[in-house]
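Below: the structure, in structure tokens.
Every number in this text was worked out from the coordinates using simple rules, so none of it is lab data. Not measured: the values here are computed from a predicted model. Here the Cβ positions follow ideal geometry from the backbone for every residue, glycine too, while neighbour counts run over all protein chains shown.
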Amino acid sequence: MKPKLIILGPPGSGKGTQARLLAEKFNLVHISTGDILRAAVDSGKVLGQEAKGYMDRGELVPDGVMLKVIREKLSEDETASGFIFDGFPRTIPQAEGLTSILGEMGINIYEVIKLKVSDDTLIKRLTGRLFCPKCGALFNLSFKPPKEDRLCEHCGAELKRRSDDSEEVIKNRLEVYRHRTGPIEDFYRLQYKLKEVDGEGDSSSVFEMILEVITIS
Ligand code: ADP
Ligand code: ZN
């Protein structure tokens with residue numbers, strides 16, 4: 001059976017990077033609500049229009065909207081065999097909603113990986129972050145600078161900064177994480193689903209540690 005995973009951690013903890021690595025290794029569907037929302041904003045969809053204001057301020061998009069997005073995504077049958085959630089759930093109501101959606105699908109066994117990273121590291125990672133709008137590759141001015149200034153090493157496109165990676169908005173996102181998302185760690189801990197991993201190291205060593213804690217059946 002393919003793994004069914006949720007990856008948790010504050011903005012900048014490396015969730016997105018690890019989720020991609022896991023998705024690639026186990027051939028999982030990678031469900032990043034941040035990516036889904038950004039794509040909806042870029043293509044001018046109604047969802048994007050609803051979400052943009054919240055995202056620009058570093059606030060959360062309302063739970064009802066997010067649960068609808070997830071329900072739709074999970075109804076595509078390829079997701080049934082194996083998936084990794086990245087950026088969802090982010091509140092207790094989202095976690096409860098997900099429990100019932102998965103329950104309806106007969107999925108009760110899944111694992112939750114929590115990446116632990118200090119605030120100092122988070123801020124450094126977020127303020128230096130650059131992404132490639134064309135192929136999605138990620139770089140970081142402090143940790144993984146692109147070989148050629150501001151150009152993607154893989155496809156040559158000009159690298160961009162996410163619009164919510166400004167210092168003001170970053171502070172807000174960290175605060176929102178602590179208040180709204182932090183409590184779901186206990187929600188999963190009490191169900192013995194939570195696996196904590198030190199996320200301070202480079203992405204390949206964090207990946208190794210994740211592989212050690214998850215149980216692939
Ligand atoms: P990060 O974890 O680095 O903040 P994401 O790409 O996961 O970035 O999310 C970016 C923004 O998208 C969030 O700040 C929020 O506004 C919105 N968002 C993403 N996922 C959710 C969610 N599950 N619930 C509410 N809002 C969300
Ligand atoms: Zn690229």
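Does the stretch 15-56 come out rounded, prolate or oblate by the C-alpha gyration tensor, with a ≥ b ≥ c the root eigenvalues, rounded set by a/c under 1.5 and, if not, prolate when a/b is larger than b/c and oblate if not? Note, shape of the stretch 15-56 comes out prolate.
For a straight C-alpha distance cut-off of 20 angstrom, the lysines reachable from Lys68 (same-chain residues fewer than eight places away being disregarded) are Lys4, Lys45, Lys52. Between amide H atoms placed 1.01 Å from N, distances below 5 Å from Glu196 occur with Lys114, all of them 5 or more places distant or on a separate chain. Note that the chain shows a convex hull volume over its alpha carbon atoms of 122 Å³ per residue. Between Arg129 and Leu141, the built amide H atoms are under 5 Å apart, and every one of these is 5 or more places off in sequence or on another chain. In terms of its C-alpha gyration tensor, the stretch 161-202 comes out oblate, because a/c is 1.5 or above while a/b does not outweigh b/c. Measuring r between the beta carbons of Glu96 and His154 and using R0 = 30 Å, the FRET efficiency lands at 0.15. Taken one residue at a time, the phi angles of the stretch 207-214 give Karplus couplings (6.51, -1.76, 1.60, θ = phi - 60°) of 4, 4, 5, 4, 4, 6, 8, 7 Hz. Gly and Pro are set to x. Among 134-143, 20-29, sorting by the average number of other beta carbon atoms lying within 10 angstrom of each residue, highest first, gives 20-29, 134-143. Rounded to the nearest 5, the antiparallel percentage of DSSP beta bridges internal to the chain is 25%. Whole-Hz Karplus values for the stretch 112-123 come out as 10, 9, 10, 8, 9, 9, 6, 4, 4, 5, 4, 5 Hz, taken residue by residue from phi with 6.51 cos²θ - 1.76 cosθ + 1.60 and θ = phi - 60°; glycine and proline positions read x.
Radius of gyration (Cα atoms) of the stretch 54-183, expressed as a multiple of 2.2 N^0.38 Å: 1.23.
Between Asp198 and Ser75, the distance separating the two model label sites (each 7 Å from Cα on the Cα→Cβ line) works out to 4.5 nm.
Could you quote the convex hull projected area for the stretch 107-168, Cα atoms only and averaged over all directions, in nm²?
With every direction weighted equally, the projected area is 6.4 nm².
Restricting things to alpha carbons, find the Rg to Rh ratio for the stretch 139-217 using the Kirkwood radius for Rh.
Rg/Rh: 1.07.
Amide H to amide H, with H built 1.01 Å from N, Ile6 comes under 5 Å of Phe85, Glu111, Val112, Ile113, counting only residues 5 or more places away or on other chains. Between Val65 and Asp35, the contour length at 0.36 nm per residue exceeds the Cα-Cα span by 9.3 nm. Contact order for the chain, expressed relative to its length and based on alpha carbon pairs under 8 Å spaced 6+ residues apart, stands at 30 percent.
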